[in-house]
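Asker: I'd like to ask you about the structure that follows.
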2 protein chains.
Amino acid sequence: MSLRHAALGLLALRGEASGYDLLGIFNESLEHVWPATQSQLYTELGKLTDAELVQVVAEGGRGRKAYAVTEAGRKEFEHWLLEEPPTTNRRNDMLLRVFFLGLVPPEQAREFLLGRAAAAAEMHERLRGVEESLTGEQGPLAVHGRIALEWGLRYSAMQDEWARWAAGQLTAEGAAEQPG
Amino acid sequence: MSLRHAALGLLALRGEASGYDLLGIFNESLEHVWPATQSQLYTELGKLTDAELVQVVAEGGRGRKAYAVTEAGRKEFEHWLLEEPPTTNRRNDMLLRVFFLGLVPPEQAREFLLGRAAAAAEMHERLRGVEESLTGEQGPLAVHGRIALEWGLRYSAMQDEWARWAAGQLTAEGAAEQPG
DNA sequence: CGCCGACATTCCACTGTTGACAGGTCGTCG
DNA sequence: CGACGACCTGTCAACAGTGGAATGTCGGCG
């Protein structure tokens, strides 16, 4: 149920915004952190209004409704942000595959792992590019964006090293099975 | 749709098993990689049977049905394992919170990050314990289990270091804002 | 024998996510 | 003017995942 809090947070950052505005932010800034679709967002804004966590503060042309968080909404948001423990991602597609890697020949397993390493390295380079385009930017949003980016950099580096290490383990295993 | 492939993989490893058997494995070995509930698993086994990827090879007491993968099932499984690119986890609850950390006082933001570091360190220690209980184990399953475990160790270490680094960034920022 | 716990399957109601569809308004460029 | 693209809101069906309840069987222990 974090879409609700993402919407509250964006409204808190922006002061006021329409569903359409929020959708733009979701597709730009939050695309890799918490994607959301139109239908989901408009539905959620409706529910938030019913729960009186946000309210319509202006209506403009083309049916536009500008929303802003209420006092209750702000409270709910801060409670989520600081007091609810973040739910760890329990499912991991790649580790599931690793679990079954013994079912295919070692050479194919090794290829799989090296493929993962390459994908991680590619992601790392992409993020390095983003990092460079960010140097010189100022403000608190740049600070927190930079922190999130650093997570991605460290994550992809970790994944790259781990996958290459794991491939090495398989090679060692194969060598041990066929000595001499 | 990976539950389907997890079930196929477990059946391939085990040769044959009932829904109840599989559920036990999901709760033990796959709990932190791909959890599944009763209702989900039995439903999936029904669908897999309809699709002729598995078949009932024996019926025992208490309504027990033992399943095994068919040739088509094995093919489908290997295709998934080696050729379909693993889907990266797109949503990250913690990074979403980081994105909004500018909305609360720096001291609270710092506390949040240090809390995350502590949680990661705790997870790391827990995994270290699992690692120790694994030394001496043999066999290919131990090898791949060890590789998955190593991922967890590196992931938690990375998260711990990152969170402490990030907390430092906020301190530096606060210090820069209030010099002298 | 009677009960209990492990074994074993199935159904239901609910939430979250996705993608497609449908409808309407405003500004501007040719 | 007319068409087009950007703006803006909404509904629907389908599916994955969660949690709980209902139902029944078998083996062993007191």
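Asker: If you fit an axis through the alpha-carbon atoms of helix B:71-82 and take the longest principal axis of the Cα set of chain B, what angle between them do you get, 0 to 90°, nearest 10?
Answerer: 20
Asker: Next question, about the same structure. List, shortest first and in nm to one decimal, how far the label point of residue B:37 (7 Å from Cα along Cα→Cβ) is from its counterparts in the other copies.
Answerer: 2.2
Asker: Further question: In nm to one decimal, list the spacings between the residue B:50 label point and its equivalents in the other copies, with label points set 7 Å along Cα to Cβ, shortest first.
Answerer: Reported distances to equivalent positions: 3.1 nm.
Asker: Loop only per DSSP, at most 15 neighbouring Cβ atoms within 10 Å: give me the GluC sites (Glu not before Pro) in segment B:29-111, ordered by residue number.
Answerer: B:31, B:52, B:83
Asker: At what distance in angstrom do the alpha carbon centres of segment B:117-145 and segment B:1-36 lie from each other?
Answerer: If you average the Cα positions of each part, the centres end up 20 Å apart.
Asker: Relative to the compact-globule scaling 2.2 N^0.38 Å, provide the ratio for the alpha-carbon radius of gyration of the protein assembly as shown.
Answerer: 1.16
Asker: Next up: May I ask you to rank A:20, B:42, A:67 by accessible area, largest first, using a 1.4 Å probe over the protein chains only?
Answerer: Order by accessible area, largest first: A:20, B:42, A:67.
Asker: When each pair of different Cα atoms in chain B is counted once in the 1/r mean, what is the Kirkwood radius in angstroms, to one decimal?
Answerer: 19.7
Asker: Further question: Collect residues whose amide H, placed 1.01 Å from N in the peptide plane, falls under 5 Å from the amide H of residue A:17; neighbours closer than 5 in sequence don't count.
Answerer: A:67
Asker: Right, here's the next one. Determine the principal axes of the Cα atoms in segment A:93-177, then give the extent along each, sorted from largest to smallest and rounded to whole angstroms.
Answerer: Largest to smallest, the principal-axis extents are 57, 20, 15 Å.
Asker: Could you calculate the contour length gain from residue B:14 to residue B:138, that is, 0.36 nm times the residue separation minus the distance between their Cα atoms, to one decimal place in nm?
Answerer: Roughly 42.9 nm would be gained on extension.
Asker: Could you sort B:94, B:123, B:1 by their accessible area in this structure, using a 1.4 Å probe and putting the largest first?
Answerer: Heavy-atom accessible area, descending, gives B:1, B:123, B:94.
Asker: OK, next. Shielding of A:108-117 by partners, i.e. mean partner chain Cβ atoms within 10 Å per residue?
Answerer: So the per-residue partner count for this stretch is 2.
Asker: Comparing B:63, B:24, B:73, which has the greatest mean-square fluctuation in the GNM of chain B with Cα pairs linked when under 10 Å apart?
Answerer: Top of the fluctuation ranking is B:63.
Asker: Assign one of three labels to segment A:2-82, namely rounded, prolate or oblate, based on the Cα gyration tensor with a ≥ b ≥ c the square roots of its eigenvalues; rounded applies when a/c is under 1.5, prolate when it is not and a/b is larger than b/c, and oblate otherwise.
Answerer: oblate
Asker: Might you tell me the accessible area per residue for chain B, computed with a 1.4 Å probe and given in Å²?
Answerer: Counting only protein heavy atoms, the per-residue value for chain B is 54 Å².
Asker: Quick one: how many lysine pairs in the protein assembly as shown have C-alpha atoms under 22 angstrom apart, if they're 8 or more apart or on different chains?
Answerer: Step by step, the pairs that qualify in the protein assembly as shown add up to 4.
Asker: How many Cβ atoms of partner chains, on average, are near each residue of A:80-91 if near means within 10 Å of its Cβ?
Answerer: Taking the mean over all residues of the peptide, I get 6.
Asker: Buried accessible area for the B:A pair, summed, 1.4 Å probe, in Å² rounded to 100?
Answerer: Its buried surface, counting both partners, is about 6600 Å².
Asker: So who's got an amide H within less than 5 Å of the one on residue B:54, skipping anything under 5 residues away but keeping other chains? H placed 1.01 Å off N, in plane.
Answerer: B:49, B:70
Asker: Quick one: label points 7 angstrom along Cα→Cβ at residue B:131, distances to the other copies in nm, smallest first?
Answerer: For residue B:131, the other copies' label points sit at 2.5 nm, shortest first.
Asker: If I model a spin label at residue A:169 and residue B:64 as a point 7 Å from the Cα along the Cα→Cβ vector, what separation in nanometres do I get?
Answerer: Going from the residue A:169 label point to the residue B:64 one covers 3.3 nm.
Asker: Per-residue Cβ counts within 10 Å, from other chains only, averaged over A:66-78: what number is that?
Answerer: Shielding by partners across A:66-78 averages 1.
The values are calculated or read from the model by the stated rules, or taken from the named source; none is laboratory data. None of the values given here were measured: they were computed from a predicted structure. No Cβ is skipped: glycine too gets one built from the backbone with ideal geometry, and neighbour counts run over all protein chains shown. Keep in mind that these areas ignore ligands, DNA and RNA; they rest on the heavy atoms of the full protein, side chains included. Shrake-Rupley method; radii C 1.70, N 1.55, O 1.52, S 1.80 Å.
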